[in-house]
Every structure is written in structure tokens, then in C-alpha cells.
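The values are calculated or read from the model by the stated rules, or taken from the named source; none is laboratory data. Please read these numbers as outputs of a predicted model, since none were measured by experiment. Don't worry about glycine lacking a Cβ; one is built from the backbone with ideal geometry, like all the others, and counts go over all protein chains shown.
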Amino acid sequence: MTRGNRKTMELPKLIVFDMDGVIIDVSRSYRETARKAARLFFHGAKGFENLPDPLFSLADLAALKQTGGLNNDWDLSSQAISLLFALVKAPADPSAPGHRPGHEKTIQGCDVSNLADFLKSSPGPLMDLWARYGRRREPFVAERYQGDVGDGNVIKRIFQEIYLGESLFPAIYDLKPIFWQEEGLINQESLLIDRAILKDLSRKHILAIATGRPRVEADYPLDRFAVREYFRLVVTLDDCVREEERIFMERGERISLSKPNPFMLDLISLLIGEEFSGCYYLGDMPDDMLAAGSSKTGYRGVGVLLSSPDREGLRKALLQAGADCIVDDYSALPGIIG
């Protein structure tokens, strides 16, 4: 064995984790928030009281997310609402120029009776609607998904109020909640990986996180579950947005650097500033595997099944998207990494 080979063998590996569904179980937080946000969007419509609660199953929502391009759960919620809105009887062209009443007034003019009947008859309404319409951009819904929480983005505001809750939402946004006055579902999250495994891996290798969460929402569970110390670097949605804005100012071009774009993964390898002998990205969505496969750094994609309601369906989707291997028990991870 040459000295060069010995040196390579002694170098640490770079192990990058997605957060949601990989480090943190979000089935009772982000995913449940998306369900509640979709239902609350229609509050005040004729027939609202007949809508089932919840509107759809978590498995149905997971299947929609696995169709790709819905990396963050704001986009997922917007797409779910757009699909559901296909069965809503709405006022004549509610998004037409010159016809821009407030959200509450417009929703009061909608009739969701047909939607209620459909939801009660279909075991998988989102995917049934997806099969019928594909990726759908409902103009009225898209209009309610413009801007940010404080300047008219109704969907994002409903989502953030539910997720963050009556205490954390005003602390972050300096706004009073208007849709949700209860504890935030962020406190329903739990840790998916044992701290002892993280501690052992961090002794031998370089650990980092690449997540579609905003920075403040990534920081919260890292501190709550006391695992921040194990990760050398955390790259978030904020880093993507910052670079997107730089590119726009420089080129006048709007692009998305969120997954499946490999921007976050390649940024981590650039910022680490240390040699490593191989790199891995652990994710639970096909977009994660696509990002790993298209990275300049040469990440190996490791698919994670721990929090999926349909493990076999997700396994197939992850392998199809290019996963090098699949784990459904973190005790096997040290053996995969080496």
C-alpha cells in the first residue's frame, strides 16, 4: 500500500444529513401542518363544515411530495390546495384583473360541497387529482402564495402560524397570529437518530446538514434535542435564497437552488475546508438522491425510510432516483460509511 493510499484511508468521510424525515420526525409537525393548512385555507366557504378532518391521509400527502419538485412544505401545501381547488365552485374568475377581494371574502363566495363529497369517497384524493390534472397551478391559489408571511402570502402565513404556534410565530415574525391560536406543531417533532450514533460518527467523520428549512426552524430542533455539537456545518434555505438573490442582481435571472439542485451539497464541501476521502448525503426524498447524483463533489445518495408511511413505495422511488443504498435502521449506518 502506498503512502498516498494510506493517507486516503485515514481521511474522514463527509456525511451530510437532510433534516426532515432523516434527523427529525416531522410526520406530526410539517406534514400535519400541511394537512391542517390545506383545510384551514377553505375556512368560511359554503359547505366547509362537511369537509372531512383531516382532508387526506399522511400517506397520500407523502405520495404527492414524492412526485418531486416540492422540496419545502410550503410548496407542498400550495400544490395540495391547487389540486383540491379544482373541485371548488368559485366566484367567476376570482383572480381576474380588477377583481381582487380579500382572501376571506373570496373564500366565503366559494362552495366546497363537491370537494367534500369527493374527499369522502376517495382513499387517496390528492393522488387521484394528481392523476387527473398533474402538476396544477390554480391562479387564485397561486395568487395567495405570492410574497412572504407579512405581505399577503396567505398559504405561507397559515402554515407558519400552525407550525410555529401562538408563542413562536409572533416572536419570529413580529405579527399577531390570525388563523391559529394554539401551540405550534413544531413541538410535536422527535429525534429519529440516536445521539450515541451521531456522537460516534462525529468522532471519526465530518458531519453536516443540508436542509430546506429556514435557518431559525433548523436551529430550533438542533438546540431542543441537543445535537448541534455533532454537526460542523448547517446549510439552510436561507443560504439558497441569499445566493439566488445574488445571481438575480448580477444576471437578472431567477433560478431555484433548492433541491434537487445540488447547490447546498457542493457549498458544504467547499466551506468545510478539510480533505475527506468520500462523501454521502442521507435523504428521504427522490429530490435528495437527484441532488447527490448531480453534485460536482460526487456524493453517494443514501435513502432513509425511517419515518415513511409507505416504506416499500419510497424504497422504489429512492432507488429509481439514484440512491446508492437504503437504510431503515441507523444501526447499519457505520457499516455503510466505514
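Some points to look at:
- Restricting attention to the stretch 121-131, the residues that are in contact (Cβ under 8 Å) with a residue 12 or more places away in the chain and part of a helix (DSSP H, G or I) total 5.
- Looking at the stretch 24-98, the helices (runs of 4 or more DSSP H) lying wholly inside it that each contain 1 or more residues that are more than 24 Å from Arg315 (Cβ to Cβ) sit at 30-41, 73-85.
- Any chance Asp20 is touching a residue at least 24 places away in the same chain (Cβ under 8 Å), within 26 Å of Val234 (Cβ to Cβ) and out of contact with any Gly (no Cβ under 8 Å at 6 or more places or on another chain): no
- Looking only at the stretch 143-165, residues that are part of a helix (DSSP H, G or I), surrounded by 15 or more Cβ atoms within 10 Å (Cβ to Cβ) and of a type outside the set (S, T, N, Q) come to 13 in all.
- Of the residues making up the stretch 199-231, those that are hydrophobic (A, V, I, L, M, F, W, C) and either surrounded by fewer than 21 Cβ atoms within 10 Å (Cβ to Cβ) or in a strand (DSSP E or B) (or both) are Ile206, Leu207, Ala208, Ile209, Ala210, Val216, Leu222, Phe225, Ala226, Val227, Phe231.
- Here the condition is being touching a residue at least 24 places away in the same chain (Cβ under 8 Å) and within 12 Å of the chain's Cα centre (by Cα); of Thr67, Thr33, it holds for Thr33 alone.
- Within the stretch 36-63, tally of residues that are over 20 Å from the mean Cα position of the chain (by Cα) and without any contact (Cβ under 8 Å) to a residue 40 or more places away in the chain: 2
- Among all residues of the stretch 72-82, there is at least one that is within 21 Å of Pro139 (Cα to Cα) and at pLDDT below 90.
- When the test is whether a residue is within 28 Å of Leu83 (Cα to Cα), touching a residue at least 60 places away in the same chain (Cβ under 8 Å) and either hydrophobic (A, V, I, L, M, F, W, C) or part of a helix (DSSP H, G or I) (or both), Ile193 does not pass it.
- Pro52 being in the same structural domain as Leu271 (by TED's automatic domain parsing) and either closer than 21 Å to Lys156 by Cβ or modelled with pLDDT of 95 or more (or both): no
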